[in-house]
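A.B. asks: Pasting a structure below so you can have a look.
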Amino acid sequence: MFDDKFVWGVASSAYQVEGTDPDDGRGKTVWDTFTEQGRIFQNQNAYTSCDNMHHYKDDYALMKNLGIKAYRFSLNWARILPEGTGRVNEKAVSMYRDMILTMKENGITPYITLFHWEFPQALQEKGGWLNEEVVDWFGEYAKVVAENFSDICEDFITINEPQCVVGLGHLSGVHAPGLKLSVPETFQIAHNLLKAHGQAVINLRKYAKQKIRIGFAPTGGVAYPYTDSAEDIEAARKVYFGFYNPMDNWTWNISWFSDPVFLGHYPKEGLEKFKEYLPEITEADMQLIHQPLDFMGQNIYNGYYVRQGADGEPEFVDREPGFPKTACNWPVTPKAFYYGIKFLTERYQLPLYITENGMSCHDNVSFDGRVHDNDRITFLDSYIGAMQRAYDEGVDIRGYFQWTFLDNFEWSEGYKERFGMIYVDFMTQRRIVKDSAFWYQDVIKTNGGNLSMNQTTKEILFLDPVCTHNIWGGTRLREDFHYPVEGDDLGECWGISAHPNGDGTLRDCGFSGMKLSELWKKHPEVFGNVDSDRFPLLIKIIDAKDDLSIQVHPDDDYAKVHENGSLGKTECWYILDCKENATIVIGHNAGTKEELSRMIHEGKWSEFIREIPIKKGDFLQIDPGTVHAIKGGTLILETQQNSDITYRVYDYGRLSNGKPRELHIDKSIDVITVPAKSVADSVKSVADLPVNTLNELYVCKYFHIYKIEVSGKMTFEQNAPFMNMTVTEGNGIVNGQPVKKGDHFILPNGFGNVELQGRMQIIASTI
Ligand code: GAL
């Protein structure tokens, strides 16, 4: 979680939200010209947009009500200096002053961006960014900003996304001023822009009325590693700060813009690659660009995979089929956010603010009059969670500005893209608070406490089981349950197990690939922080084609002393299937320990063994000390303590690999309970229990066992530390997840409402 000093904000820009007024005295920007030329989506324009200039009092009140602490907004250069230089429009100054003061009255800290693309048309006509005088023009504007606003604002950002200004505005021409200049001209523009940044820093500080902080807000997709291996991370870092784009796309570059500003030089690799296109670059230029800054900003929206290729060089990797994306088709890549934050802070060593991050959604007003933008919540939750991961690792990240508060004018896309946490009806100027804004309010209030990374998982934890080969095993685990295992001697499926002899692997959840034992150790909260050094239960399906040996298990105390600290074994069986007239061995006929010892030593097996009839749907509790054996043709679901200690009393004289299997006569005699529990107490039929009910079969110190027969729909509350489930018949849906016979899964702590439907039988257990 973040600390109380962390700056939680929202971001916007002047041109995208303000709108205009016939008497506002502003000058035109290049975007007015561009939209008048009809060069954007549906010939739209920003003359009204969200009309924030007439609604800011209400909009800031809304921000305050939602707990927003900081607002990054821009000033419109052409509103303040209608000709770009010279005459100051006092109406603009007083509007912006009132805006800032109103923010502050509402407890919102202002962060001013000087230039978020509102380039004065008057200066465009003098050559715009291509004219080197732009350095002085921007410097003059910075002086005016310092003189008029630095008494009431302490945080300033010079330029937003130079990559877009140069690339979209002057190379591809999809943004104003819509030029397609030559590559050398765009390098000249980039150089002028960086110098203008430096001049603005100088003038802001020189004319500021108090000590101010200044940053810069570049952008760029993040090259991030395909896996977390050291090689892939290095490959991604190399691409992120490298020069892999073709020349007609060269401006999507991090280091070309950030190295001069933060490190004082252009990157060597770039100087080499771009040498034929570069303008004259002097020592004095570099000094001007390299002004001391207080923080770095970075706008991060997404990234692309890179890994180390076979030749040791970075290689680009396609996104996975069906990757998540936003309404404007940008990929959703939270991991890129984490790596971007790490890479930038490592290289530039300045406190970082995420100056923009967010997504456009297909937002619409629902029948209840509200806007349920769940995709945005999922997006922000994963990105802010990724940011927390970096923060927890000690990265110096100070703040986060969500893009954006109000749906607004999305540049060349007009009003097509809704990026806001507040819905705007552009026909009426009505605002509706989307669900994401309330969610963000909680993020702010709890410093990230409500992020899902700070909650225990609510996901169903599916397990891939481990199957074993046994001399008495058969083929039903493969044929009936479809476990992908070979062999005609498949005896046991360890379905939910963290035992070293069969540790299950998680699948289809946030912990996919992890072993259950590891999850138990690393995330005890998933299991309700139960006080136990190991996952306490073990669930198996047993297919006995032939008879199992006659066995008995020790209890905890005996196992602890004689079996190296192991747990004892209390277990129970649910008979999934058996032959007609099937029997099972449970208990024995000895009346005293002496008699027991004699029967065993003298091999009086027919006298000793107690065999009783069973049928499908029977339930048997096997306490330690109970002699037992499954007979051939029986299929059972076993729930037991997490232990693999069995004492074999008798093996019908069978040979395995030509030799008899080991017997454990002395230990067996030690632990067998004499006399045995009565037959009536040993078996009960639970075949016909009410449907759609959590039927409790048995409770002991170690487990609670339930049977559920789903027919249609049912729900119940999962309030135990965790609940194991195995589907033993049929198929259905559990909380949106299709499940079928043979599936094993765990419902974690705090899971709450379990919604089941379909036709299926489930055996469940808790501790
Ligand atoms: C950024 C830009 C913002 C906003 C956002 C969403 O590149 O700075 O003004 O439009 O993207 O597209």
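The values are calculated or read from the model by the stated rules, or taken from the named source; none is laboratory data. The structure displayed is predicted, hence computed values, not measured ones. Cβ placement follows ideal geometry from the backbone for every residue including glycine, while neighbour counts extend to all protein chains displayed.
A.B. asks: Of all residues in the stretch 253-282, which are under 16 Å from Thr186 (Cα atoms) and not in a helix (DSSP H, G or I)?
C.D. replies: Asn253, Ile254, Tyr266, Phe274, Leu278, Pro279, Glu280, Ile281
A.B. asks: Being modelled with pLDDT under 95 and under 16 Å from Val561 (Cα atoms) is the filter here; which residues of the stretch 624-645 pass it?
C.D. replies: Across the stretch 624-645, the qualifying residues are Ser643, Asp644, Ile645.
A.B. asks: May I ask you to list the residues in the stretch 105-116 that are part of a strand (DSSP E or B) and crowded, with 20+ Cβ neighbours inside 10 Å? Before you say what the answer is, go through the steps one by one.
C.D. replies: Kept after step one, since they are part of a strand (DSSP E or B), are these residues of the stretch 105-116: 109-115.
Of everything in the stretch 105-116, those that are part of a strand (DSSP E or B) and crowded, with 20+ Cβ neighbours inside 10 Å turn out to be Pro110, Tyr111, Ile112, Thr113, Leu114, Phe115.
A.B. asks: Something else now. Could you tell me which of the residues Glu346, Glu313 is acidic (Asp, Glu) and closer than 22 Å to Ala217 by Cβ?
C.D. replies: On the way: Glu313 fails: closer than 22 Å to Ala217 by Cβ.
Selected residue: Glu346, the only one of Glu346, Glu313 that is acidic (Asp, Glu) and closer than 22 Å to Ala217 by Cβ.
A.B. asks: Oh, and also: Have a look at Tyr226, Tyr141 and point out the one that is surrounded by fewer than 24 Cβ atoms within 10 Å (Cβ to Cβ) and either more than 16 Å from the ligand (Cβ to nearest atom) or modelled with pLDDT of 95 or more (or both).
C.D. replies: Exactly one residue qualifies, and that residue is Tyr226.
A.B. asks: Moving on to the next point. Which residue pairs have Cβ atoms under 6 Å apart, sit 6 or more places apart or on different chains, and have a first residue in the stretch 356-376 that is under 23 Å from Tyr71 (Cα atoms) and a second that is away from the ligand (no atom under 16 Å from the Cβ) and charged (D, E, K, R)?
C.D. replies: Val371/Lys434; Asp373/Lys434; Asp373/Asp435
A.B. asks: Filter the stretch 465-484 down to the residues that are surrounded by 16 or more Cβ atoms within 10 Å (Cβ to Cβ) and assigned to a loop (DSSP other than H, G, I, E, B) and list them by number.
C.D. replies: The answer is Pro465, Asp480, Phe481, Tyr483.
A.B. asks: Further, regarding this structure: Would you say Asn131 is within 16 Å of the ligand (Cβ to nearest atom) and assigned by TED's automatic domain parsing to the domain that holds Lys28?
C.D. replies: No, not satisfied.
A.B. asks: Next question. Does the stretch 320-338 contain at least one residue that is under 29 Å from Ile202 (Cα atoms) and crowded, with 16+ Cβ neighbours inside 10 Å? Steps first, please.
C.D. replies: Initial filter on the stretch 320-338 (under 29 Å from Ile202 (Cα atoms)): none.
No: zero hits.
A.B. asks: Still on this structure: Could you grab me the full set of residues in the stretch 105-127 that are of a type outside the set (D, E, K, R) and more than 16 Å from the ligand (Cβ to nearest atom)? Talk me through it step by step, then tell me what you get.
C.D. replies: Just the residues of the stretch 105-127 that are of a type outside the set (D, E, K, R), to begin with: 106-117, 119-124, 127.
Answer for the stretch 105-127, where residues must be of a type outside the set (D, E, K, R) and more than 16 Å from the ligand (Cβ to nearest atom): Asn106, Gly107, Ile108, Thr109, Pro110, Pro120, Gln121, Ala122, Leu123, Gln124, Gly127.
A.B. asks: Condition check: more than 16 Å from the ligand (Cβ to nearest atom), part of a helix (DSSP H, G or I) and either over 12 Å from Tyr141 (Cα atoms) or β-branched (Val, Ile, Thr) (or both). Does Thr102 satisfy that?
C.D. replies: The answer is yes for Thr102.
A.B. asks: Count, please, the residues in the stretch 154-173 that happen to be more than 12 Å from the ligand (Cβ to nearest atom) and surrounded by fewer than 24 Cβ atoms within 10 Å (Cβ to Cβ).
C.D. replies: Counting residues in the stretch 154-173 that are more than 12 Å from the ligand (Cβ to nearest atom) and surrounded by fewer than 24 Cβ atoms within 10 Å (Cβ to Cβ) gives 5.
A.B. asks: Restricting attention to the stretch 259-267, does a residue exist that is over 16 Å from Arg347 (Cα atoms) and surrounded by 20 or more Cβ atoms within 10 Å (Cβ to Cβ)?
C.D. replies: No, the stretch 259-267 contains no residue that is over 16 Å from Arg347 (Cα atoms) and surrounded by 20 or more Cβ atoms within 10 Å (Cβ to Cβ).
A.B. asks: With the condition kept exactly as written, say whether any residue in the stretch 497-508 is within 20 Å of the chain's Cα centre (by Cα) and surrounded by fewer than 16 Cβ atoms within 10 Å (Cβ to Cβ).
C.D. replies: Checked the stretch 497-508: at least one residue is within 20 Å of the chain's Cα centre (by Cα) and surrounded by fewer than 16 Cβ atoms within 10 Å (Cβ to Cβ).
A.B. asks: Look through the stretch 174-197, keep the residues that are within 16 Å of the ligand (Cβ to nearest atom) and among the aliphatic types (A, V, I, L, M), and return whichever of them is surrounded by the most Cβ atoms within 10 Å (Cβ to Cβ). Break it down into steps so the answer makes sense when it comes.
C.D. replies: Of the stretch 174-197, the ones within 16 Å of the ligand (Cβ to nearest atom) are 174-176, 193, 197.
Adding the requirement that they be among the aliphatic types (A, V, I, L, M) leaves 174, 176, 193.
Numbers: Val174: 17, Ala176: 28, Leu193: 21.
Once the filter is applied, the top-ranked residue is Ala176.
A.B. asks: Is there any pair linking a residue in the stretch 148-164 that is in contact (Cβ under 8 Å) with a residue 24 or more places away in the chain and part of a loop (DSSP other than H, G, I, E, B) to one that is away from the ligand (no atom under 16 Å from the Cβ) and of a type in the set (Val, Ile, Thr), with Cβ under 7 Å and at least six apart or on different chains, and which?
C.D. replies: Filtered contacts from the stretch 148-164: Ser150/Ile212; Ile152/Ile100; Cys153/Ile100; Glu154/Ile212.
A.B. asks: Kindly state which strands (runs of 3 or more DSSP E) lie completely within the stretch 283-383 and contain at least 3 residues that are more than 16 Å from the ligand (Cβ to nearest atom) and farther than 30 Å from Val424 by Cβ.
C.D. replies: Where strands (runs of 3 or more DSSP E) fall fully within the stretch 283-383 and carry at least 3 residues being more than 16 Å from the ligand (Cβ to nearest atom) and farther than 30 Å from Val424 by Cβ, they are 303-308, 314-317.
A.B. asks: Then there is this: Going by the conditions given, is Phe262 touching a strand residue (DSSP E or B) at 6+ places or on another chain (Cβ under 9 Å) and within 16 Å of the ligand (Cβ to nearest atom)?
C.D. replies: It is false that Phe262 is touching a strand residue (DSSP E or B) at 6+ places or on another chain (Cβ under 9 Å) and within 16 Å of the ligand (Cβ to nearest atom).
A.B. asks: Can you tell which of Asp623, Asp681, Asp644 is out of contact with any helix residue (DSSP H, G or I) (no Cβ under 7 Å at 6 or more places or on another chain), farther than 22 Å from His499 by Cα and among the acidic types (Asp, Glu)?
C.D. replies: Asp681
A.B. asks: Can I ask one more? Select from the stretch 170-218 the residues that are among the hydroxyl-bearing types (Ser, Thr, Tyr) and either modelled with pLDDT under 95 or under 24 Å from Phe73 (Cα atoms) (or both) and list them in ascending order.
C.D. replies: Within the stretch 170-218, just Tyr207 meets the criteria.
A.B. asks: Can you go through Thr475, Thr446, Thr457 and tell me which one is closer than 30 Å to Ala70 by Cβ and of a type in the set (Ser, Thr, Tyr)?
C.D. replies: After ruling out the rest, the residue left standing is Thr446.
A.B. asks: Within the stretch 501-572, which strands (runs of 3 or more DSSP E) (wholly inside it) include 3 or more residues that are of a type in the set (A, V, I, L, M)? Before the answer, list the steps.
C.D. replies: Values: elements: 505-507, 537-544, 550-552.
In the stretch 501-572, 537-544 are the strands (runs of 3 or more DSSP E) which contain 3 or more residues that are of a type in the set (A, V, I, L, M).
A.B. asks: Can you find a residue that is within 27 Å of the chain's Cα centre (by Cα) and over 22 Å from Ile575 (Cα atoms) anywhere in the stretch 699-717? Break it down stepwise before answering.
C.D. replies: So in the stretch 699-717, the residues within 27 Å of the chain's Cα centre (by Cα) come out as 717.
Filter again for over 22 Å from Ile575 (Cα atoms), leaving 717.
Yes, because at least one residue in the stretch 699-717 is within 27 Å of the chain's Cα centre (by Cα) and over 22 Å from Ile575 (Cα atoms).
A.B. asks: So, one more: Could you check, for the stretch 436-455, whether at least one of its residues is surrounded by fewer than 17 Cβ atoms within 10 Å (Cβ to Cβ), in contact with a Phe, Trp or Tyr (Cβ under 7 Å, 6 or more places away or on another chain) and of a type in the set (Lys, Arg)?
C.D. replies: Within the stretch 436-455, not a single residue is surrounded by fewer than 17 Cβ atoms within 10 Å (Cβ to Cβ), in contact with a Phe, Trp or Tyr (Cβ under 7 Å, 6 or more places away or on another chain) and of a type in the set (Lys, Arg).
A.B. asks: Quick one: how many residues across the stretch 664-676 are surrounded by fewer than 16 Cβ atoms within 10 Å (Cβ to Cβ) and either in contact with a Gly (Cβ under 6 Å, 6 or more places away or on another chain) or of a type in the set (Gly, Ala, Ser) (or both)?
C.D. replies: 1
A.B. asks: Please work out which residue is surrounded by the most Cβ atoms within 10 Å (Cβ to Cβ), limiting yourself to the stretch 399-435 and to residues that are more than 12 Å from the ligand (Cβ to nearest atom) and β-branched (Val, Ile, Thr).
C.D. replies: My answer is Val424.
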